[in-house]
Amino acid sequence: MKNRTFSIRLALTIATLGVFTSCSDLLDTKPITDEIYIDPNAPLVTADQAEAAMRNCVNSFGIEYWQFDYFFYGDAGSDVAYAGADGEPFFQIEEYRPIATNYVIARDWKWLNEFVKRCNLVINYANEVSDLSQARKDEMIGEASLIRAITRFQAVQTWGAFPLVNDYVYSINNTNFDQVYPSLYPSRKPVEQVYDAIIADCEVALQKAPTSTSAPSSKYFPSKGAANALLAKAYATKPNPDWNKVVQYCDAVIGGGYTLLPTFDNLFDNTHEGNAESIWEINGEGAGANINGWCTQVFLGNNWKKFNTPSHTINTALDTKRKASSIKKLPTTFADPYWTTFTQFPNPWKMRATDGTQNFYIFRLADIILLKAEALAHNGDLTGAMTLVNQVRTRVNLPNVAAATSVSDAIDKIVRERFLELAFEGHRWFDLKREGKALEILATQTYPKYNPATQTTTETPMPYVVNLEEKDLLMPVPQEALDGNPNLSQNPGY
């Protein structure tokens with residue numbers, strides 16, 4: 001009877017792993033002692049296998065989540081952009097009405113769990129490879145730990161509680177099934193535990209990941225500088241933020257040899273890759289990984305209507321220099337409910353090369369300078385906070401902001417500066433949620449409603465998001481994930 005139960009439980013496992021067998025085999029009551037599933041890619045034995053596994057970790061940044069959906073959540077899920085293009089699943093996310101069968105959210109859940117799995121292979125087995133130097137083993141483990149950390153950081157911000165799987169399961173049999181079951185069908189762990197795991201992985205990366213240098217290629221991979229940046233973000237975003245820790249890790253980044261580029265546009269002109277301001281960027285041309293920056297094609301061009309159409313809010317708010325680098329109007333005949341001048345249609349302009357060579361930033365120095373300003377403001381150092389804001393504004397020839405009159409006034413000024421500086425880089429939705437301002441800002445956004453039939457715009461702007469509530473700030477756990485894992489739970493309201 002035990003073997004029969006084991007066989008039935010294996011049916012779902014094998015289907016999940018993509019291994020096919022007949023129903024008669026699965027329901028066979030004879031003892032099962034042989035391997036039911038063996039992953040040919042694990043464990044790691046040779047240096048070539050280990051290097052291939054490490055490339056697979058870095059290649060995660062060439063998948064839809066980082067190439068497309070990350071920017072969509074951060075920008076179209078906020079007041080930076082309208083969804084643009086077409087597709088009901090994207091409109092659901094943009095308008096805070098997603099359902100559990102939304103395929104975009106489902107693919108992101110699947111991908112982020114897959115990215116963790118890729119990292120687990122390296123973290124679990126790199127040390128067992130005999131023909132690698134210990135220095136290279138450590139470097140791999142440090143890099144994979146940081147990729148796992150940022151993967152979980154994105155997941156916990158998107159869904160809240162999230163599974164924490166640390167083991168790479170490469171074989172399943174009658175003997176080990178109970179042992180590996182928690183990794184095959186994990187439950188979601190509380191948000192606090194997820195942040196503890198993120199911080200622990202970053203600390204491993206601080207010990208073992210390489211140090212970024214002035215060489216551009218050093219910015220294309222996880223590094224100690226990137227680990228400091230993610231630690232600062234994690235301590236700022238976790239429940240009960242530790243603003244002293246945020247300052248500590250921001251200072252480690254700021255003192256790590258990075259400098260603001262004098263010209264804002266050089267950050268995005270595709271000719272200053274791996275620049276002095278870059279902490280961690282993804283190289284669209286490879287650099288040891290099979291990454292093609294195809295995401296540019298979904299945001300820019302006139303062969304079909306693109307995603308992340310700049311909002312009226314950001315178009316009006318941007319200063320001259322940053323607007324010229326962030327939004328470009330191109331000739332088009334696209335129809336749109338938000339923009340009435342169809343001969344010149346706005347496009348996000350920070351990603352410009354549509355041939356797949358475009359790089360994009362995970363972290364750059366201005367982001368961390370403004371994050372430190374945020375921490376100083378929360379600690380009551382309003383003068384220090386505004387000094388950092390003005391440092392970012394000076395680059396684009398803007399006057400200093402007025403002195404902050406209170407902590408809340410300082411935070412408002414910093415959040416707005418991040419809005420202007422980091423537009424179309426995927427930050428805004430996450431920034432607003434971190435500071436508890438998503439409901440306040442997004443629920444009051446309006447837009448001019450255009451009527452194509454009459455070619456007129458309503459005099460009174462229409463509300464952009466209706467009845468926004470706290471529960472709407474987390475995405476639903478995909479129904480297909482719930483169907484495939486009895487240990488998962490759904491978020492409230494879905």
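The values are calculated or read from the model by the stated rules, or taken from the named source; none is laboratory data. Just so it is clear, the model here is predicted, and its values are computed rather than measured. Neighbour counts run over all protein chains shown; Cβ positions are idealised from the backbone, glycine included. Each accessible area value is taken on the protein alone, full model and side chains, heavy atoms only, with ligands, DNA and RNA left out. Shrake-Rupley method; radii C 1.70, N 1.55, O 1.52, S 1.80 Å.
Per-structure values
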read-out: The chain: relative contact order as a whole-number percent, Cα under 8 Å and 6+ apart; value: 18 percent
read-out: Exposure of Leu206 as accessible area (Å², to 10), given a probe of 1.4 Å and all protein chains; value: 50 Å²
read-out: Placed amide H near Asn347: partners under 5 Å, 5+ positions off or other chain; value: Lys328, Lys329, Leu330
read-out: Spatial extent of segment 113-245: Rg and Dmax, with the Cα atoms as the point set, Å; value: 15.8, 52
read-out: Convex hull volume per residue for segment 35-121, taking Cα atoms only, in Å³; value: 117 Å³
read-out: Whole-Hz couplings from phi, Karplus 6.51/-1.76/1.60, listed for segment 66-79; x for Gly and Pro; value: 6, 7, 9, 5, 4, 5, 5, 4, x, 9, 6, x, 9, 8
read-out: Computed FRET value (nearest 0.05) for Lys305 with Asp48, which takes r as the C-beta separation and R₀ as 41 Å; value: 0.40
read-out: Kyte-Doolittle at least -1.0, axis length at least 15 Å by Cα - qualifying DSSP helices, the chain; value: 2-17, 47-58, 103-125, 134-159, 191-208, 224-237, 243-254, 365-378, 382-395, 407-421
read-out: 20 Å tail of the calculated P(r), segment 238-354, as % of Cα pairs; value: 58 percent
read-out: Phi-based couplings in Hz for segment 302-308 (Karplus 6.51, -1.76, 1.60; Gly and Pro marked x); value: 10, 7, 7, 5, 9, 7, 6
read-out: Residues with amide H under 5 Å from that of Arg188, placed H, sequence gap 5 or more; value: Ser489
read-out: Solvent-accessible area, 1.4 Å probe, carbon plus sulfur percent, for segment 177-319; value: 50 percent
read-out: Cross-link partners of Lys110 among lysines (Cα-Cα below 25 Å; sequence separation of 8 or more within a chain); value: Lys189, Lys233, Lys238, Lys306, Lys433, Lys471
read-out: Sulfur and carbon atoms: percent of accessible area, segment 121-170 [1.4 Å]; value: 41 percent
read-out: Gyration tensor (Cα) of the chain, equivalent ellipsoid semi-axes in angstrom; value: 40, 28, 22
read-out: Long-range Cα-Cα pairs in segment 37-192 (distance over 29 Å), rounded percent; value: 28 percent
read-out: Relative contact order [Cα under 8 Å, 6+ residues apart], segment 185-267, whole percent; value: 24 percent
read-out: For Tyr82, residues with placed amide H under 5 Å, excluding near neighbours; value: Thr309, Ser311
read-out: Shape of segment 277-434, Cα gyration tensor, a/c cut at 1.5; value: oblate
read-out: For segment 316-392, Kirkwood radius (reciprocal of mean inverse C-alpha pair distance, Å); value: 15.5 Å
